[in-house]
Structure formats: C-alpha cells, structure tokens
1. Which whole-number value in Å³ per residue fits the convex hull of the alpha carbons of chain B?
2. Rg/Rh for the stretch B:3-187: what does it come to with C-alpha atoms and Rh from Kirkwood?
3. About its Cα centre, how strong a charge dipole does the stretch A:11-260 have in debye, to the nearest 20, once Lys and Arg get +1 and Asp and Glu get -1 at the Cβ?
4. Averaging sequence separations of C-alpha pairs under 8 Å and six or more residues apart, then dividing by the length of chain B, give the relative contact order as a whole percent.
5. Give the dimensionless ratio obtained when the Cα radius of gyration of the stretch B:121-228 is divided by 2.2 N^0.38 Å.
6. How much accessible area per residue does the stretch A:11-260 have, counting only protein heavy atoms and a probe of 1.4 Å, in square angstrom?
7. I'd like the carbon and sulfur percentage of the solvent accessible area for chain A, probe radius 1.4 Å, heavy atoms only, ligands and nucleic acids excluded.
8. Would you calculate, for chain A, the mean residue ellipticity at 222 nm contributed by helices, counting each DSSP H stretch of 4 or more residues as -39,500 (n - 2.57) and dividing by all residues, to the nearest 500?
Amino acid sequence: MFDAPTIGSTVELQDSKITASGVHVFYGDTHAIKDVNVNIAAKTVTAFIGPSGCGKSTFLRCLNRMNDTIDTCRVEGNIHLDGEDIYDRRVDPVQLRAKVGMVFQKPNPFPKSIYDNVAYGARIHGLARNKSELDAIVEKALRRAALWGEVKDRLGAPGTGLSGGQQQRLCIARAVATEPEVLLMDEPCSALDPIATAQVEELIDDLRTRFSVVIVTHSMQQAARVSQKTAFFHLGHLVEFGDTPTIFTNPSDERTESYITGRIG
Amino acid sequence: MPLTWLVLILLTLVGLGFILGRRRALRSANGDARLLHSRPHFYGANVALSTLVPSLGVLVIWLLLQPVLIDRSVSHMIPPEMVPADTTLGLVMSDVRRVAEGLDVAVARGVMSERDSNTLRTELTDLRARLGEVGVALGQDVRPEVLSAAQSYRRLSHAGTMGMTLVVLAVAIAGFGFSLIQSRKEFRARNVVERGILSLLILAASLAILTTVGIVLSMLFETINFFGLHDWRDFFFGNTWAPNFRGESELSILPLLWGTIYISLIALFVAVPVGLFAAIYLSEYAGPKTRSFAKPLLEILAGIPTIVYGLFALLTVGPMLAGLFGQGGALGVSWMAGATSVLTAGLVMGIMLIPFVSSLSDDIINAVPQSMRDGSLGLGATQSETIRQVVLPAALPGIVGAVLLATSRAVGETMIVVMGAGAIAKFSANPFDSMTTITTRIVSQLTGDGDFSSPETLVAFALGLSLFVLTLGLNVLALYIVRTYREQYE
C-alpha cells in the first residue's frame, strides 16, 4: 500500500477492516452489483449468501481487485482497507493481494510439489531469509490448514495428486502462508464431501483468531455454523446485512426470509 | 461399351435405387413413416449403397487385374530369341500394346475394317505406314510375332471389357434387387447404412497408414540394394562424403548429419526464444485487438513457401553476413569466405520456424486454466512471476513437444539449405563455413545423370531412410513427452 496519509478515514471505521460504500460493478453493459454498502469487521467471519448469479462472488473479487484481470469489468464506488482506498491509482494490486488472500471455489494447486505450493507466496514476497525459516513457514501453514499430519512424509509429491479435500486445504495453507490480513473464500467447500467440509469449517473458525474471513457460500447451514456476520445478496443488491443469528432467526426483509425458508433461490 | 457409359448406368441405378427403396419401405408401412424401423431415407441409402459398393469394387479390381493377366498370357507368344540383348521383354510388350492401340484407332476411324484388322499379315501390308496415316507413330517396322501378339491382345481386351461390363452390371442388379426386396418396415436399414459409413471411414484411415508403410518399404528395398553394393561401415562410421560417379566413392552419412544437426541447432537457437516470447506476449499480455491481428500475421510466416525463404537467404541474409564478417567487411575480421554459410541457413530457417514454435506454444499456454493464474495472482504474485513460476511450468511439456516438432521440420528442410548453406560436406565447428545437409545431398545424388543402379545414386535412399528414422524418432519422443507430462486439467 502507499504511505501517504489518507484523508477521510473516520473514527467509526476503527474496528472495520474493510469498508465498502456505493459500490457498482459492470461487466460490459451488465450491471452486476448495484450500490452495495458493507463493513467487514476485523477478526470475524462474514458470510455472503444469496441465490446463484446474485453478485456475491463478483463483490468478493472486488475486495482484492481480482476483477482487474477481466477486461470488460468496471468497478465504481469506494472500498477502503484499513481506511485506505484500494482502488486508488497509487495502490499496487499486487501488494493489495498479498494482504487480502483468496481461496477459490475449485481447488487449484499449482503443478508443483506440496512444499513448493505452500512456499510459493513466501518465496515471491521474500518472507523467509533461509531454508529453515521457509521450512517453518510451510509447516506452520500446513498445520493451520490441518493438512500437516497427512502430507508431512511426502512434501515432495505433486500437489495435484492429493484428493479434492486435501487439495482445497492445500490451497488454504498456501493462502495462509503469506500471512494475509483478510482471507476471501469463494465457495471453498462446494467441491468437497461432508467430512472435508467439516474440516475446512473448523479451520475457518480457527483462522478467525488471526484474520478477517469473508466466505461466499450456497449453504445456509454453513453460513450459520461458521459466520458471525451475514450479508444477503439478491439480484445485485445487498438486501440485508447483520449479525448471523438475527439474519437467520429474525430477518427484517421479506426477501431474506423467503430465501432462508427456501421459497426463492 | 466405354467405361463412361458403364459408370453412368451404375449411377442411374443408384439414383433409382434410392427412390424405389424409400418408396417400397414407406408402402410396406402404408405410408406412415413412424411405423418404419428407420427413417425412410435410410432404406433408400441402403439400396443405393448395395447397388454401388459391390459393383464398383468389382469394377476397380477388374480394371487393375485385366491388363496384368492379358500381358502375362500374350507375352508367351513372344519367343525369347525375339527379345534383343539390349532391351527387355517389357519393351517388346509396350510395342505390342502400341500396335494394338493403333489397330483400335484405325478401326474406329474406318480406315480398316474389324475383319481386316484381325487378318492382317506383315508380309502383305506395310502396317507402320498405314498406322502412321491415322496418327499412330511406331518406332520400327512391325514384326510378324508382334503383330499376332497385338491381334491376340486386342481380342483378349475386347473379351475382357465385355465380360467386365456384364459382370459389373450383374452384380449391380443383384445388389439392387436383393436390397429392394429387403426394404420392408421391419428391416433395420439404419444399422446397415451406419455400418457402411463406418467402413468408409476405416478405409480412409487405413489408406493413409498403408501409404506410409508403402513409402517406408519402397525406401527400404532400395536401401538394401545400396548396402549390397556399398560397405555399411563406411556409410555409418566413415568420415568423408566424396561421391564419384566413376566408382570408389566414399559415402558416409556422418559429415552430412553433422551439417544437418549444426544448422538445425542454430535455427532452434533463433526460433525457440523468439517464438516462445512472442507466444507469451500474445497469450498473456496482448489485448484482444492486438491478438486478433498479430496472431494471424505471425501465422502468415508459416504459409510462406520455403523456397522464398531460400531466396531471402541468398539475396539478403547471406550478403549481409558476408558484409559484416567477410573479407573487407564492416567488422574487418574476414571470417567468412562467401555468402553461403551454416549461419545464413540457420538464421533463415530459424525465422521460418518462429511461427511453428509460437503458434503451438500459444495454444498450449492458453490451455493452462485461468484458475492457475487466479490462484497465483490471488497470492500477490505479479504477472511475470505468475507466468514464470506457474504458467510456464504447467505448459512446459507441451512447449517441449512444440520445439521437437520444430526440430523435425528443421532436419527435413531442403530449399533453405540449398540456397543458404552451400554444398560442401565437412566436419567443422565454424558457423561461417559452407556446409551441407542430408536432404540436399539426396536431391543432388538423385538428379545427377548417374546410373540408377550405382551406389552413388542408391545412397540417396539410405540417406532418406536415415532421415525418416531420425524425424520419426523425434516425433515419437515429442508425443511421449507431451503425453507423459501433460497435466490433466478438469
């Protein structure tokens, strides 16, 4: 990030990690996100729920500027991380993404060994001074992703040879190893079986002690289990945002209630 | 009856068969196409195919066999002492065929009656002069044995053609009738037609493979002849290439192989970095607009005939290099004696290979899934880090395959070498020397006016087979690498 002092950061942002206000996203002529305002708190898990195509993944990708890689995509509005505008011209998206890590819907390990997969971020950011430090980073990340026990004897084996659930935990370990401040997860469990899903959910709960986690999910049970805050998206609008128990037991908007009870979606 | 008429009758039968087969099948279902096992046109196609395929097969086989069989039976009529020492039976037989054709023409023009043509005697008629009148020129006077052989050749041909027409028509009508009777609503016409189409496809595929086998075999036999005349140890392990049409040649492949490898290496040295960097730019950095005109433009290079590259080498690159490194050149080093050199041919061949490497690599880099790039970018890697550490390693097996395919193109290239590299076979590490390659020596050995059965000519086949084995090996290696190390993406 840039070092210049930022005008406009206010006291109310103190415990917000990310503040988004008036965000619009366009894909060519399609208006995908319409005026979204949301505060993502530090050290909490925030869940984005909503029917397919409602824009929740698009919005998630705005938070670390992954939408920059799509030519036709245009983002308007303000998104601040720790009070700094991440769409400011002076911000380098590469450094932003080092702070805001991302785990994708489909496990996407690199065609490298397990060790090299986890060490990838640490190497490119120069986090380790020598081999033993790098070893320590890899071990710590794999332990946090609850994968260490399963792979410690075959760190040199290709990451693509693991099972689907192990691959996804490897991708989480890879993201955790760079010590991000925010971790974005785009339906991280959609390709996993229930046992692997449970392991990943447990992991998300652990991660909350160190990072902000934002998770997009199709499973309302999952949102209820892992998150403290929930945002409901519908047709590009943020319909309702609040504490998870409130959203699930006493939603204020009719559409939220319909979605949660299974009438739309 | 001429062949054209036979084919036209066959085609008419086929067309008629389609219509009648379709109609008969529909009638068996009282006009309701839903009651048929197959769609109506399958019944038509079944009759058409049953009429056409067997009769056409008989026709082709008959046309291939008839001349061989007639030749064999007629050639018994020529006594061995008739064949002069300086010719062969084949040459006398071609005289026989020529006379027979001449008689055909004369009869057709009305110069001679059919009866006359069968009862001619060389003692009574000057056949050479009479055939000359109708435009058939003969090399020498017709001898009585040749004339009687020609007359019997004609008789047999006529009988054969008549027999062929009858048999082919009979087969066609049998197929027509049989399949027409079959065309009832229970008949599974679709399955039969689909099987017919399948066999057509198999036939096409096996023709391609058989041709390859034929090419290899034809080279193999000549190569065996060559090794009967020339020591194989000199060919594979000698160190001099000095063909001499008076005999006693030294014909070793090694100096030529060295030239081939040296020029190919220089070409790859040019083509691989340039092609790969171009591919990376086009697939990772270029916008859709740049890509849409730059990629076809680059691929135009692949469509330029290699002789044009040869001209480029001869007229531009060679003189330019000579101007730099030659005697009295800009650098004042006089390393280069003439415009033709390994470097000239290598550079131009490298330019020729750029589109191969770049186009294949571009496809392979594009096949690396976007999720890999997203994963790397999402960790805060820059675009070049992503390409270097994720995209290229994932695409590497395919890129290696592309480079090996380019190598076999370089090894097989002829025209650029002829015009750019000179014609001297020698071992030298100096890139400014003239050298030559296997392909260019094949051309020069075969186009000389040497005896076709001398080792100096036959060596071309041994060289060709060696080249074939070399490029086949490279292609197999390329396929093996690509298959073994290819990442299977979902």
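The values are calculated or read from the model by the stated rules, or taken from the named source; none is laboratory data. Quantities reported herein were computed from a predicted structural model and do not represent experimental measurements. FYI the Cβ positions are ideal-geometry reconstructions off the backbone, even for glycines, and counts take in every protein chain you see. Note: areas computed on protein heavy atoms with side chains; ligands, DNA, RNA excluded. Shrake-Rupley method; radii C 1.70, N 1.55, O 1.52, S 1.80 Å.
1. 272 Å³
2. Result: Rg/Rh = 1.23.
3. In debye, rounded to 20, the stretch A:11-260 gives about 840.
4. It comes to 15 percent, rounded to a whole number.
5. Working: Rg = 25.5 Å, N = 108, 2.2 N^0.38 = 13.0 Å.
Output field value: 1.96.
6. Accessible surface, normalised per residue, equals 41 Å².
7. 48 percent
8. Working: 10 runs with 91 residues, N = 265.
About -9500 deg cm²/dmol.
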